[in-house]
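To keep things clear, I will list the structure first and then write my remarks on it.
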Amino acid sequence: MTTTQLPEIDVKSRGWVDQMIVNATNDTKSFSHLGFADLRLALEVVDLDHTYSFGVVLDGYDFDCLGEIDSFDDFQPEVTLSGTVEVWREMLSNIKAHGAADTAHTLNTLTIAEFPMQAKSQDPIGRDKFFRYAATLQELFDHAFTHQKGGDK
Amino acid sequence: MTSTPDITYAEKLAKGELDLGWLRNVSSEWGVRAKPSKIGLTLRDIAIGSYGIIPDVAPRKTMAPRGSDVDSDVPDMGYTINTKAEVWSENVMELYEEAVSRQWSATRDIAWGDIPELSPDLEHAMSQLCTLLSEVEMVAADFPAKWLWRINHDYVETKMFLCTQCMDEARHTEVFRKRALVNGGGLGKAKAVVEEFLKLILDASSYDEGSALMHLLGEGIVLSLFRAGELISPSPVEKQIFRLCMQDEARHVAYGTMHLKYRLQNDPSLAEDFHAFLDRGEEIMTTLLSTPEVVEPIIVLAAGGVEQAAEIGAAATGMLGQRVVEEYLQRCERAGLDRRSRLTLPTDLDWVSQALASK
C-alpha cells in the first residue's frame with residue numbers, strides 16, 4: 001500500500017459511513033441483484049490515542065448506520081472490520097480515485113493476512129458471514145463516494 | 001393401497017356427485033396464516049403451528065408434505081435417514097433463503113471480455129488452479145445428490161438447501177472451466193491424489209462421514225482457497241469470480257458447522273466417530289497440500305511470476321496456510337469438536353516455503 005498523496009478523508013467521523021449508506025440506499029438495483037444480507041458489522045478506526053467504532057447493520061436489502069458505538073456488548077457485532085486511520089484512509093482514497101476498490105484494496109485482500117486490516121469475530125459463524133456477504137460488502141464500500149462505475153469490480 | 005381406478009366414483013362424478021371428502025374431512029391444521037417478513041415469505045415464516053414441528057424421528061417414509069393429512073396406506077419410499085439429528089442444522093432455513101436470494105450467473109455476471117492477456121506462466125498458473133477447482137467443486141454436488149433421496153421428506157428444508165448447494169457447485173464447476181478456456185490457457189493436470197480425496201467423500205459410508213469430510217474439512221479449505229484466489233487474482237474479473245464463489249462456499253461451511261453441532265448436541269458419543277472421519281480426511285488433505293499442481297499455481301500467482309515464486313510466493317502461501325488451518329480448527333470448536341489435539345494437518349505451511357527455497 002502506498003501512503004503518499006492521500007486526499008483528506010475524515011475517517012474518524014461518521015460522515016463517510018452515513019454517506020456510504022445513503023449512496024447504497026439510493027442504488028437499490030446494484031444490491032438487489034446481489035441478494036439480501038443479514039449482518040451486524042462494526043467498523044473500527046484505530047488512531048494513536050483513540051479507537052473510533054461505527055455500527056452498520058445490513059438487514060435484508062436495507063442498510064443502516066448506527067453512528068459511533070460506545071459498547072460492543074450493546075451492539076454485538078458479528079464481524080468487526082478493524083484498521084488504523086491510515087489504512088482506512090488509504091482504502092477509501094483508492095475507492096474514491098477509481099470508483100471502486102482496485103485489486104490491491106478489496107476487503108478480502110486487505111484482511112486475508114489479518115494485515116493491514118482485520119476482520120475479527122468472536123464466533124466463526126459470524127466471521128464466515130463476512131465471506132457469505134463478500135460481494136455485498138465490497139459493493140457497499142465501493143459506494144462510499146458518489147458512485148461511478150468503472151473501477152475494479 | 002390400490003392403483004385401480006374407482007369406477008363407482010367415476011360414475012358418480014359423471015352425474016355431478018362430488019365426493020368432497022378432501023374438503024370436509026381433513027385432519028391437518030386449518031386457519032394458519034403465515035405472515036411475510038421484511039424480505040418476503042420465508043421458510044422461517046411458514047414454520048408455524050403444527051407445520052413448524054420437525055419430528056426428531058420421522059413417523060413415515062413418504063414424500064407427503066410435513067403436516068398434511070396422509071393416507072394410512074402410502075408406500076414406503078425407502079428413506080434411510082429418518083432422524084432429524086442426522087441432517088438438521090439450526091440455520092438451514094435461513095441458509096436456503098440466502099442461497100436462493102444470492103444466486104448468480106457465470107455467463108451473465110462475469111465480465112469475461114475484460115480479462116487481460118497474461119504472461120504464459122501466469123496464464124498456466126491460473127488455468128491449473130481453475131482445473132483443480134473445476135475438478136473438486138462438482139463432488140460437493142455429487143455427494144448431496146447421492147444422499148438427497150435417502151433423506152426423509154420431513155426434513156425437506158435440509159433437502160432444499162442441499163439442492164441449492166448442488167446448483168452452487170454446478171456453477172463453480174462451470175465458472176472455473178470457463179476461466180480456464182477463455183484466455184488461451186486451457187485445462188491443466190488432474191492429479192490422482194485429488195481424486196482420492198473426492199472418492200473418500202463420494203464413497204462415505206454415512207451422511208455423517210461425508211458431511212464432515214465435505215462441508216467442514218473440504219469446503220472449509222476450499223473457502224480459504226477462494227479467499228486466497230481473490231487475493232492473488234491477476235485481474236478484477238478473477239477477483240469477482242472468487243468473491244462470488246466464496247459467498248456460496250461459506251454457506252455450505254456454515255451448514256456443515258452447525259449441522260455437526262446439532263448432531264453432537266443430540267449424541268455426544270459420536271464425537272470419536274467424527275474424529276476418525278477427519279483423521280483420515282486430514283491425512284489425504286496433507287498429501288494434497290504437498291502436491292505441486294495444487295500448491296505451486298497459487299505460489300506463482302501470489303508472486304506474480306515464476307522467478308519471484310520461491311521467495312515471495314512461498315512466504316505468502318505459508319502465511320495463508322496458517323489461516324486455513326486455524327479457521328478450520330475454530331469451526332470444529334464451534335461445532336463442539338476439539339480437533340486441536342488430534343490435528344494431523346500441518347499447523348503451518350512453512351515446509352512449503354522450505355521446499356521451494358531449497359530448489
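The values are calculated or read from the model by the stated rules, or taken from the named source; none is laboratory data. Given the structure is predicted, the values throughout are model-derived calculations rather than measurements. Don't worry about glycine lacking a Cβ; one is built from the backbone with ideal geometry, like all the others, and counts go over all protein chains shown. Heads up: the accessible areas ignore ligands, DNA and RNA and are worked out on the full protein's heavy atoms, side chains in. Shrake-Rupley method; radii C 1.70, N 1.55, O 1.52, S 1.80 Å.
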Kindly provide the pair-distance distribution of the stretch B:84-357 built from C-alpha pairs, with 5 Å bins from 0 and whole-percent values in order of increasing distance.
1, 6, 13, 18, 19, 17, 13, 8, 4, 2, 0, 0
For helix B:236-266, report the angle its Cα long axis makes with the longest principal axis of the Cα atoms of chain B; keep it between 0 and 90° and round to the nearest 10°.
60
Highest first, please rank the peptides B:95-103, B:305-313, B:11-19, B:186-194 by the mean number of other Cβ atoms sitting within 10 Å of their residues.
B:95-103, B:305-313, B:186-194, B:11-19
Total accessible area lost when B and A pair, probe 1.4 Å, Å² to nearest 100:
3000
Taking Cα centroids, how far is the stretch B:313-341 from the stretch B:146-163 in Å?
30
Per residue of B:224-233, other chain Cβ atoms within 10 Å number on average 4
How large is the accessible surface per residue of the protein assembly as shown, computed with a 1.4 Å probe and reported in Å² as a whole number?
44
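If packing is taken as the mean number of other Cβ atoms within 10 Å per residue, what is the order of A:37-45, A:50-58, highest first?
The most tightly packed comes first, giving A:37-45, A:50-58.
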Principal-axis tilt of helix B:139-148 within chain B, Cα atoms, nearest 10 degrees
20
Per-residue [θ]222 nm for chain B (sum of -39500 (n - 2.57) over DSSP H runs n ≥ 4, rounded to 500)
-18000 deg cm²/dmol
Take residue A:51 and residue B:11, extend 7 Å from each Cα along the Cα→Cβ direction, and tell me the distance between the two endpoints in nm.
8.4
Between 0 and 90 degrees, rounded to the nearest ten: what's the tilt of helix B:314-335 against the longest Cα principal axis of chain B?
30
Can you give the extra length, in nm with one decimal, that the chain gains between residue B:48 and residue B:341 once fully stretched, where that is 0.36 nm per residue apart less the Cα-Cα distance?
101.2 nm
Residues in the stretch B:250-266 that, when all protein chains are in place, have 20 Å² or more less accessible area than the chain alone would give (probe 1.4 Å):
B:250, B:254
Under the definition of Cα pairs under 8 Å and six or more residues apart, what whole-number percent is the relative contact order of chain B?
17
Need the C-alpha centroid separation for the stretch B:184-204 versus the stretch A:43-109, integer Å.
39
Using a 10 Å cut-off on Cβ to Cβ distances, tally the other chain neighbours for every residue of A:130-140 and report the average as a whole number.
6
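Of all the accessible heavy-atom surface of the protein assembly as shown, with the other protein chains kept in place and a 1.4 Å probe, what percent is carbon and sulfur?
For the protein assembly as shown, the apolar C and S fraction of the accessible surface comes to 53 percent.
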Cα centroid distance between the stretch B:216-231 and the stretch B:15-41, in Å?
45
At R0 = 25 Å, FRET efficiency that the Cβ-Cβ distance of residue B:108 and residue B:181 yields, to 0.05
0.90
Please compute the contact order of the stretch B:1-133 in relative form: average sequence separation of alpha-carbon pairs under 8 Å and at least six residues apart, divided by the residue count, as a percent.
19
In deg cm²/dmol, rounded to the nearest 500, the helical mean residue ellipticity at 222 nm of chain A, built from -39500 (n - 2.57) for every DSSP H run of length 4 or more, is -10500 deg cm²/dmol
Filtered trypsin sites (Lys or Arg not before Pro), the stretch A:54-151: DSSP coil and at most 10 other beta carbons within 10 Å
A:149
Once you keep just the Cα pairs under 8 angstrom separated by 6 or more residues, what percentage relative contact order results for the stretch B:108-260?
28
For each pair in A:120/B:159; A:96/B:239; B:84/B:261; B:159/B:239, compute the distance between the two Cα atoms and list the pairs where it is over 22 Å.
A:120/B:159; B:159/B:239
Scalar couplings 3J(HN,Hα) for the stretch B:100-112 by Karplus 6.51 cos²θ - 1.76 cosθ + 1.60 (θ = phi - 60°), nearest whole Hz, x for Gly and Pro, are 5, 5, 10, 5, 9, 10, 6, 7, 8, 8, 10, 7, 4
